[in-house]
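Worksheet: one structure, shown below.
Nothing in this text is a laboratory measurement; each read-out follows from the coordinates by a stated rule. Note that the structure is a prediction, hence the values are computed from the model and not measured. Every residue, glycine among them, receives a Cβ derived from its backbone with ideal geometry; neighbour counts consider all protein chains shown.
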Amino acid sequence: MLRPLYDRTMALADHPYALWCLAAVAFIESSVFPIPPDVLMIPMILARPSRAWLIALVALVASVAGGLLGYAVGAFFYDSIGQPVLEAMGKAGKMAEFNTRFNDFGFWAVLIAGVTPFPYKVITIMSGWTGMPILTFVATSILARALRFFLVAGLLWQFGAPVRNFIEKRLGLVFTVFCLLLFGGFFALRYI
């Protein structure tokens, strides 16, 4: 069942519009979409290793731009919807305490979410919601997403053929591990 999907993804990875698709996925993943851009980025690099750095750069720029959208969602929709609801429930004071704690560790929260499988969109929205300084948010997002995307690009550029062989031989295992990481990120989100 996975083999035709994998083969189709590999074929699409070399399509002339593949970079635009990657940019769109990386952009919306940073604010609303649940699927990380790695799903497109990895096959694109495996299909054309010579473009690894360009692919990582496109993912980085689009992801940080999407993170700014997530930041804006948190900043603007919290004031119009979230705060009145919390005030009606008598919880507005607790939010001020949470905002202070989050912003005290905001650099690390953005860095960790930007590098790991933890849903980055959650941190982008929370950063705007808590009023994290925009320069801190942008600088940390650039650092985190660059680490993630360029590390993946570098590893695939260096070890592309063996990685591709491993994925193709153990596609079921790779898919299972990917799903566990994805759902693990959502599960961790419930307890933060």
Report the gain in length on full extension from VAL163 to VAL32: 0.36 nm times residue separation, minus Cα-Cα distance, nm rounded to one decimal. 44.2 nm
Would you mind getting me the FRET efficiency between HIS15 and ASP79? Use the beta-carbon distance for r and R0 = 41 Å, nearest 0.05. 0.50
Local electrostatic count at ARG145 - Lys and Arg +1, Asp and Glu -1, tallied over other residues with Cβ under 13 Å: 0
For the ARG48, LEU143 Cβ pair and Förster radius 30 Å, calculated FRET efficiency rounded to 0.05 is 0.70
Global form of the range 117-166, assessed from the alpha-carbon gyration tensor, a/c cut-off 1.5: oblate
Per 0.36 nm of contour for each residue apart, how much would the distance between VAL177 and ALA24 grow if the chain were fully extended, relative to their Cα-Cα spacing? 52.6 nm
